[in-house]
Structure formats: structure tokens, C-alpha cells
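What follows is a single structure, written as C-alpha cells, with notes after it.
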Amino acid sequence: MLPFKLVYSDGYYLPIGRHVFPAEKYRRIRDRLLTTGVAEANDFLEPKIASDQDILLVHKPEYVHKLKSGTLSPREEMEMEVPYSRDLVDAFWLAAGGSILAARQALVYRAAFNIGGGFHHAFPDHGEGFCMIHDIAVAIRRLQRDDKIRTAMTIDCDVHQGNGTAAIFAGTRTASEPLPSVSASTLKRLRPAGPVGKMRGTQAGDVFTISLHQHNNYPMWKPPSSIDVDLPDGIGDDDYLAWLDNALSSGLRQFDPDLLCYIAGADPYCEDQLGGLSLTIDGLMKRDELVFRVARARDIPVMVTFAGGYAQKVEDTVTIHTNTVIAAKEVFGGSAQKMAG
Ligand SMILES: [Zn+2]
């Protein structure tokens, strides 16, 4: 049995027809976790659909009304890049319910997964980039409303910038203190020549947002996160892990969250169709381990969502997401054994 819970429903399937987004990945991850013995049936919890009231904690009433009544304009539907249907609305509402449940479970078990979600390109008043509803933001606002948490930090490792997250949780628009440059010198040693990433900071409100992403990729307009790491094309495992370490240390020096929301996109993978970074499957698992080790060392509950993943072979996307669960099992399982001993 896992030392944490996995939230999953067959209703996560997105009815979008033939699409670069592999809508069946959630079911395949669940199946892989069970057939390989990583998880057992009783590790899974079935989510409830989020209420409209929950969705309205983040999204504008006019937008929610358009979604529920099927009255998006053609331009709004095009921007979402997934074909509108009432079933699709239900799938996104369910994903938000799943993230609420996963966040609550994280407070109990120190870690929890939504085997879905991570729709970080949804804005309060519109959807884009395959995202209709920002499930993570809904979960954070619901837990804040219930007085379960006061603050949260998002660490977004999808290859695309978390523009919806940044817009929803935008803090005061003043430049923050210059970011520490200790790890930056390490990075220079790692990559003495060639392109170097850039780290930008903005003051946070009650939610501190970190995004590590490929600079030359969607979204064109990147609203400022609390920390944005703009990565150059093609960087590999070592550079990426150094930047992640740097961003996490810098974020946690500035902010003490009650919950960490890890957006574990599979698309920084070298064979991703919509990504331009060069991480290996092993490197991506090291990324997961790093996030979980930091969360465990500081005793911050961590909630995981999966976001994007468009590998040439869907099998690879499934492997990368499954490895995230294995990484958490290694990190948090060790901790549970230690506590039992
Ligand atoms: Zn992505």
C-alpha cells in the first residue's frame, strides 16, 4: 500500500476526439500503476464533481455561465483548443473536484496525487491551451475558504509557462529583491558557453507561484509568476535540475507555504511533440525526487497534478507520469518506515 492517496476517476477522460492531447493517459497511468504493483486498488480515491460555487472561487460568473449554457463564442472555443461539449465541461469540473480532494489528502498524508488535472492555462474569464478550468487554483481557494490552509506555493515544471496560475495569483506588481545568485554561478560552471536561462521575480500575495518553462514556446504572453525561470531551448537534465534547485531554494527563502502544488508536466521530455527541452525519462524522475525531497525535508504537504505530456509514444508519457508516483513512494515511503521504526 502507498503511504499516500491517488485520486482518479474514469470520468477524467476528455472527450476531444483525435487530438495531440492523449485523453486516455489518465486511465493508462492508473492501469500501469496497478499492473506493475506500484499501487493497489485501495490506494485510489474517487473524486466528487466540484460544485459551481467552488469553480466560482476562481472563475468569473459570465465565463461559468457560458460554459454551462454552451454559449462560448467561436473565438473563445478556438482559444481553448479543445472542442466544446457538455461532457467536456463535466470532465473539467470533475478534475477540479479531484484536485480539491487531492489537496485535502495531502494535508493528511503529506503527499497526494490527482491522476489528472494541472490545467494551468485556464484564466478566470477564459480557457486556453487545452485548459477550461484551473483545477489547482480552485483547490487552493477552496482549502483557504475552509481555513485548512492560509498560503500555498505552486511549482510548475510543465514545459509551458503557467500563465493562468500567474494571472490568478498575481501579487503586487513591484520588482522583488534581486534573486540570490549562488546557484547561478554553479549554473555558469555547468554551461560556460551557449544559451543561459533567466530567472525573474515578482512579489507574491497569499500564493507564491514558480514556473520553470521553455522561453521560446507557448504562451507568447507570459504574465509574471512570483518566480519565472525562462529556460533556453534544448537544455538537458543537469542544467534543468540546477535551475529547479535554485528556484525552489529561492522561493522557500522568501515564502513559507502551507501547501505545495507540484505541476508535474511530462512535456519537458526530449521526445515531446510540443516541447523543446531535452530532458530524459531518468532526468524527469530526478526532477520529481528533488521536489519531493525538498517538500519532505521542510514538512510541507505536497499535492501533485499531471498537466501536459505529448511524447511521440504515449507509452513514454505514461511512464514519466507513473515514475512521479514511484518517486513519491520512494521519498515518502522511506519517511513512513523511519517513523514506524
Ligand atoms: Zn505543457
**OP:** Report yes if some residue within segment 133-156 is under 19 Å from P15 (Cβ atoms), under 21 Å from the mean Cα position of the chain (by Cα) and not hydroxyl-bearing (S, T, Y); otherwise report no.
**Re:** yes
Subject >> Given (1) within 16 Å of the ligand (Cβ to nearest atom); (2) open to solvent by less than 40 Å² (accessible area, probe 1.4 Å), number of the condition S250 does not satisfy >> reply: (1)
Subject >> All positions within segment 110-125 that are surrounded by fewer than 24 Cβ atoms within 10 Å (Cβ to Cβ) and closer than 19 Å to F4 by Cα >> reply: R110
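For segment 270-297, which residues satisfy the criterion of being in contact (Cβ under 8 Å) with a residue 60 or more places away in the chain and either more than 21 Å from R150 (Cβ to Cβ) or open to solvent by 50 Å² or more (accessible area, probe 1.4 Å) (or both)? Don't jump to the end; show me each part of the working.
Going residue by residue through segment 270-297, those that are in contact (Cβ under 8 Å) with a residue 60 or more places away in the chain are 272-277, 287, 291-292, 295-296.
Scanning segment 270-297 gives D272, Q273, L274, G275, G276, L277, R287, V291, F292, R296.
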Original post:
Hey, among the residues in segment 254-292 that are more than 15 Å from the chain's Cα centre (by Cα) and within 18 Å of A103 (Cα to Cα), which one's nearest to the ligand (Cβ to nearest atom)?
Top reply: P257
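Have a look at D90, D147, D125 and point out the one that is of a type in the set (D, E), more than 16 Å from the ligand (Cβ to nearest atom) and at positive phi.
Working: D90 fails: at positive phi; D125 fails: at positive phi.
Checking each option against the conditions leaves just D147.
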**OP:** Scan segment 1-52 for residues that are at pLDDT 95 or above, touching a Lys or Arg at 6+ places or on another chain (Cβ under 7 Å), over 14 Å from A102 (Cα atoms) and crowded, with 16+ Cβ neighbours inside 10 Å and report the count.
**Re:** 2
Subject >> Qualifying positions in segment 153-171 - within 10 Å of the ligand (Cβ to nearest atom) and in a strand (DSSP E or B) >> reply: D156
Original post:
Only one of (1) in contact with a Pro (Cβ under 8 Å, 6 or more places away or on another chain); (2) under 21 Å from P219 (Cα atoms); (3) not in a loop (DSSP other than H, G, I, E, B) is not met by H121, so which one is it?
Top reply: (3)
Subject >> Pick from segment 303-319, criterion within 16 Å of the ligand (Cβ to nearest atom) and within 14 Å of the chain's Cα centre (by Cα), ranking: nearest to T151 (Cα to Cα) >> reply: V304
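Go through segment 90-133 and give me each residue that's among the hydroxyl-bearing types (S, T, Y) and out of contact with any Asp or Glu (no Cβ under 7 Å at 6 or more places or on another chain).
In the first step, residues of segment 90-133 are kept if they are among the hydroxyl-bearing types (S, T, Y); the result is 99, 109.
Passing the criteria: only Y109.
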**OP:** Among what's in segment 214-241 and is among the hydrophobic types (A, V, I, L, M, F, W, C) and surrounded by fewer than 20 Cβ atoms within 10 Å (Cβ to Cβ), pick the residue that is nearest to G164 (Cα to Cα).
**Re:** W221
**OP:** Of the conditions (1) away from the ligand (no atom under 16 Å from the Cβ); (2) open to solvent by less than 20 Å² (accessible area, probe 1.4 Å); (3) closer than 25 Å to R30 by Cβ, I300 clears all except one; give me its number.
**Re:** (3)
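If you take just the helices (runs of 4 or more DSSP H) that sit entirely in segment 1-71, which of them hold at least 1 residues that are in contact with a Leu (Cβ under 8 Å, 6 or more places away or on another chain)?
Values: elements: 25-35, 52-55, 61-69.
Counting at least 1 such residues, we get 25-35, 61-69.
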Original post:
Before we move on, is E46 more than 18 Å from N114 (Cβ to Cβ), acidic (D, E) and without any contact (Cβ under 8 Å) to a residue 40 or more places away in the chain?
Top reply: no
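The values are calculated or read from the model by the stated rules, or taken from the named source; none is laboratory data. Computed from a predicted structure; not experimentally measured. Note that each Cβ is placed from the backbone with ideal geometry, even for glycine, and that neighbours are counted across all protein chains shown. Only protein heavy atoms, including side chains, enter the accessible area calculation; ligands, DNA and RNA are left aside. Shrake-Rupley method; radii C 1.70, N 1.55, O 1.52, S 1.80 Å.
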